[in-house]
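Student: This is the structure I want to talk about, given as structure tokens.
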Amino acid sequence: IEKLKQTPITLYGKVGANQKLFGSITAAEITTALAEKGINVDKRLIVFNEPIKAVGTYNVNIKYNHQLNGTITVHVEDINAKR
């Protein structure tokens, strides 16, 4: 849980008008980004407060069980900014 708090991730997506994404960020994308940093989380444990459909910074919950929960910071940026 502590490692999750200290490991923000950045995801990129195609952005249209008003900094809105074409589609949304999925639990699978977050799982893949965490795995690249050496943290294995089942995508079914990722809980969104609301769908991520725009550029920005979001706190996403990871629920291991009723007593053990964590939060990860997800930064979403325009894929064109990555180039």
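Student: I'm checking my understanding of the structure. Among residues of segment 63-83 that are among the charged types (D, E, K, R) and open to solvent by 50 Å² or more (accessible area, probe 1.4 Å), which one is farthest from LYS20 (Cα to Cα)?
Tutor: LYS63
Student: Mind listing just one residue for me: the one in segment 1-47 that is of a type in the set (Lys, Arg) and farther than 23 Å from ASN65 by Cβ and, of those, surrounded by the fewest Cβ atoms within 10 Å (Cβ to Cβ)? Give the steps one after another, and end with the answer.
Tutor: Start the filter on segment 1-47 by keeping residues that are of a type in the set (Lys, Arg), which leaves 3, 5, 14, 20, 37, 43-44.
Those still in the list that are farther than 23 Å from ASN65 by Cβ too: 14, 20.
Numbers: LYS14: 11, LYS20: 14.
My answer is LYS14.
Student: Taking segment 51-71 on its own, how many of its residues are modelled with pLDDT under 90, in a loop (DSSP other than H, G, I, E, B) and of a type outside the set (A, V, I, L, M)? Walk me through how you get there before you give the answer.
Tutor: Step one: of segment 51-71, the residues modelled with pLDDT under 90 are 64-70.
Then drop every residue that is not in a loop (DSSP other than H, G, I, E, B), which leaves 64-68.
Now narrow it down to the ones that are of a type outside the set (A, V, I, L, M): 64-67.
The number of residues fulfilling the criteria is 4.
The values are calculated or read from the model by the stated rules, or taken from the named source; none is laboratory data. Because the structure is a prediction, the values reported are computed rather than measured. Cβ atoms come from the backbone with ideal geometry, glycine included; neighbour counts cover every protein chain shown. These area figures cover heavy atoms from the full protein model, side chains too; ligands, DNA and RNA do not enter into them. Shrake-Rupley method; radii C 1.70, N 1.55, O 1.52, S 1.80 Å.
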